Amino acid sequence: MLAVQGDFAEHQAALERIGQKSVQVRLPRDLESLDGLIIPGGESTTFAKLMDFYDLRGPITAFAQKGAAVWGTCAGLIMMARELTEPKPTPMGLMDIAVERNAFGRQVDSFEADLSVTGLGADPLRAIFIRAPAICNVGPEVEVLAALPDGRAVAVRQGNLLATSFHPELGGDGRMHRYFLDMAAPEGMR
Ligand code: GLN
């Protein structure tokens, strides 16, 4: 769990509810021996500053490139993008997606929606969007797992990389975290 900023404690609680221990990553060396990393929601401009300050961009990129699973939620998704529709902050460019920050408006425009998500079974997921980003463009290797009724993608996967615009760590449904654990260490290898 990247724990420099944002709602990492809520993600850790969500993992704990499904029986998974997690550790906090603040420095590059904390990534050693991990199978996966979650970049939580928060404020992407602050993430960008802290990732530079702690020299985390290169090590997280190398971690993803060696095949470890990385999941960004909300501000974390913004940081994983190839490009943003605005010049700042500078994302890490891990996934072939273009992203618009605050695409649904301000804090008061936060909302919830029932989403059908590929890989989570038939029941819809109650997704919580808080000043959420939208994915406005996806590359050929990116699979859209969920979209809003207007067609905008809000959950995407590219191999070992996962990104969601919403906050699965809030609301108590553990399926998205379980999905990520399967990416990080497929069942049978745990
Ligand atoms: N609006 C925030 C940003 O642009 C993201 C909000 C969130 O992570 N809930 O970074």
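The values are calculated or read from the model by the stated rules, or taken from the named source; none is laboratory data. This structure is a prediction, so every number in the text was calculated from the model and none was measured. Cβ atoms come from the backbone with ideal geometry, glycine included; neighbour counts cover every protein chain shown. When the accessible area is computed, the model is the full protein with side chains, heavy atoms only, and any ligands, DNA or RNA have been set aside. Shrake-Rupley method; radii C 1.70, N 1.55, O 1.52, S 1.80 Å.
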Taking amide H positions as placed in the peptide plane 1.01 Å from N, state which residues far from S110 in sequence (5 or more) or on other chains have amide H under 5 Å from it.
R131
L34 versus Y54, label points 7 Å from Cα toward the beta carbon: distance in nm?
0.8
Excluding ligands, DNA and RNA, the carbon-plus-sulfur percentage of the accessible area of the stretch 1-158 with a 1.4 Å probe reads 48
All other residues with a Cβ under 15 Å from the Cβ of P168 taken together, and with Lys, Arg as +1 and Asp, Glu as -1, what is their net charge?
-4
Across 5 Å bins beginning at 0, the whole-percent shares of Cα-Cα pair distances in the stretch 34-144 come to 2, 11, 19, 24, 21, 14, 7, 2, 0
For N137, residues with placed amide H under 5 Å, excluding near neighbours:
A98
A correct Karplus calculation of ³J(HN,Hα) over the stretch 145-152, with 6.51 cos²θ - 1.76 cosθ + 1.60, θ = phi - 60°, whole Hz and x for Gly and Pro, returns 8, 7, 9, 7, x, 7, x, 6
Can you figure out the FRET efficiency of D182 with T90, using R₀ = 35 Å and their beta-carbon distance, to the nearest 0.05?
0.70
Relative contact order of the stretch 70-190, defined on C-alpha pairs under 8 angstrom at six or more residues apart (%)
25
Kindly provide the Kirkwood hydrodynamic radius of the chain in Å, to one decimal, from all pairs of distinct alpha carbon atoms.
16.3
Mean residue ellipticity at 222 nm from the helices of the chain, using -39,500 (n - 2.57) per DSSP H segment of n ≥ 4 over the full residue count, to the nearest 500 deg cm²/dmol?
-6500 deg cm²/dmol
Can you give the Rg/Rh ratio of the stretch 24-80, where Rg is from the C-alpha atoms and Rh is the Kirkwood radius?
0.92
Partners for K88 among lysines (Cα-Cα distance below 30 Å; same-chain residues under 8 apart left out)
K49, K66
Given H placed 1.01 Å from N in the peptide plane, which residues other than close sequence neighbours of L115 have an amide H under 5 Å from its amide H?
L125, R126, A127
Potential extension, T46-I18 segment - 0.36 nm per residue separation minus Cα distance:
7.1 nm
Once you have the Cα-Cα distance between V108 and A122, take 0.36 nm times their residue separation minus that, and quote the gain in nm to one decimal.
2.0 nm
Given the chain, what percent of its DSSP beta bridges are antiparallel, to the nearest 5?
60
When the chain is fully extended, how far beyond the present Cα-Cα distance does K66 get from C136, taking 0.36 nm per residue of separation?
22.5 nm
